[in-house]
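**Q** Okay, here's the structure, questions in a sec.
Taken together, the values in this text are just the output of simple stated rules run on the coordinates, not laboratory data. None of the values given here were measured: they were computed from a predicted structure. Positions of Cβ are generated from backbone atoms using ideal geometry, with glycine treated the same way; all protein chains shown enter the neighbour counts.
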Amino acid sequence: MSGELNRLLALIWLSFRGSLRGSRAVGLTGFALVPSLIVAAIASGHPAAASLSSTAENLFALLTLPIVVMVILLVLSVGQFRNEIDAETLVYLSDRSVARPTIVVGKYLGSLGAALGLVIPATLIPLAVATLAGGTPYPIGVPATMTAVAVLAAAAYGGFFLFLGLVSRSALLIGLLFGFLWEELLPLLPGDVPRFTVIFYLRSLLSWELSTGPLSHFSTVVSFGASVAAPLGLGVASVVLGGIVLRYLETAPEREAG
């Protein structure tokens, strides 16, 4: 048991370290700063204090959560398996004494930790910029709730995109379609259709926790428990399915006969 735990911890560290390096880390860091730069640009126009603070909050629900967080998790999570499968290096790890579910969990937790190193600043820095620029100070519940929702979003998207990277060569394309079509368009449709998206439950959770302000107007037709369980369930189910699939997956692509 301790041996498998040590292997898991080693995989988490390797995944974490490999996720944030080189030009990819620089690009994702710049992308994570986009909401902060937008708030800073708005602040330069000297809007009213309440308006500036509300804008920073709204950006979280309309830009940071559905786009910035999603893209960061897509890039980091898909590559965990897809890069190694395409390079035919995953076979070396899977042929060792590490259980295949341990490989999936290790890569998931490592990439999730790396993503949170970008997602949490992307969530909090815009609020800090707005406050320092003269915006109305936020109650402690606002940044705390936004951080919790960002972590939950990362857990859900991270598991789903990790699974896509394991099972599909077109994971990046599918992930982009999921993020920019499914997650963006379905919430605009009437009836129960929005419930099939992750962002619906995340925004619902914001409104459950924040009774006032710009993040309090989203639908709360689902319970608080469902708002937490649905995204978390997607992340956990994706990791479990990934562990099952990896048991039977050919970890090195077949070579064409020369």
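**Q** Mean separation of Cα pairs under 8 Å and 6+ residues apart, divided by the residue count of the chain: what relative contact order is that in percent?
**A** Working: 353 pairs, mean separation 70.4, N = 258.
Once divided by the residue count of the chain, the mean separation gives 27 percent.
**Q** Could you give each residue of the stretch 54-70 its phi-based ³J(HN,Hα) in whole Hz, using Karplus coefficients 6.51, -1.76, 1.60 with θ = phi - 60°, and x for Gly or Pro?
**A** In residue order, the calculated couplings are 5, 4, 4, 5, 4, 4, 4, 6, 9, 10, 4, 5, x, 10, 4, 4, 4 Hz.
**Q** Let me see the P(r) profile for the chain: every Cα-Cα distance counted, bins of 10 Å, each bin given as a percent of all pairs.
**A** 7, 29, 32, 21, 9, 2, 0
**Q** Within 10 Å of each residue's Cβ, count the other Cβ atoms and sort Y138, Y157, Y248, Y201 from fewest upward. Display every interim value, and only then the final one.
**A** Details: Y138 18, Y157 33, Y248 7, Y201 26.
Lowest to highest Cβ neighbour count: Y248, Y138, Y201, Y157.
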